[in-house]
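Read-outs: derived from the displayed coordinates by stated rules, not from any lab. Note that the structure is a prediction, hence the values are computed from the model and not measured. Here the Cβ is made from the backbone with ideal geometry for all residues, glycine too, and neighbour counts use every protein chain on show.
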Amino acid sequence: MLQIPCPWCGPRDETEYHYGGQAHVPYPEDPGELNDQEWAEYLFFRDNPKGPRAERWMHGAGCRRWFNALRDTATYEVLAVYRPDAPRPAVHPSREHAGASR
Ligand SMILES: [Zn+2]
């Protein structure tokens, strides 16, 4: 079973967490100015890399706090966890796979 380290509680089974989608998707500065295509892209279009991906997770069976995790989508390995107000940690270039971003 996948173990995910909560930044506050430490390593726990993945069943204690809820997935929250891609991290670092900023809310539009002026949503009223978006056309339908731009609004749809904000709501539904997300990166789908083969390799490290920043994701939001919530520790529902523990502290119930949200945090970000850098997870390799090819191996499921959790490379780093960090608090939502922290920047995305750097990843060693060897961890990036070809075609990792759109
Ligand atoms: Zn926790």
Note: ASN35 to LYS50 extended length (0.36 nm per residue) minus current alpha-carbon separation gives 2.4 nm
Among GLU33, GLU14, GLU55, whose mean-square fluctuation peaks in a Gaussian network model of the chain (Cα, cutoff 10 Å)? GLU33
Suppose R0 equals 30 Å; then what is the FRET efficiency for LEU43 and SER94 from their Cβ-Cβ distance, rounded to the nearest 0.05? 0.30
Looking at the chain as a GNM with Cα springs under 10 Å, which of PRO87, PRO28, PRO49 has the largest mean-square fluctuation? PRO28
Connecting C-alpha atoms closer than 10 Å in a GNM of the chain, tell me which of ALA80, ALA90, ALA23 has the biggest fluctuation. ALA90
Non-local residues with an amide H under 5 Å from the amide H of CYS6, with H modelled 1.01 Å from N and Pro and chain starts lacking one, are ARG12
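Need the full-extension length gain, TYR76 to HIS24, defined as separation in residues times 0.36 nm minus the C-alpha distance. One decimal, nm.
16.8 nm
Fewest Cβ neighbours within 10 Å first, please rank TYR17, TYR76, TYR82 accordingly.
Going from sparsest to densest Cβ surroundings: TYR76, TYR82, TYR17.
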Here the stretch 52-63 yields Karplus 3J(HN,Hα) values (6.51, -1.76, 1.60; θ = phi - 60°; whole Hz; Gly and Pro given as x) of x, 9, 7, 10, 9, 9, 10, 8, x, 9, x, 7
Along principal axes, largest first, the alpha-carbon spread of the stretch 14-78 in whole Å comes out as 39, 28, 15
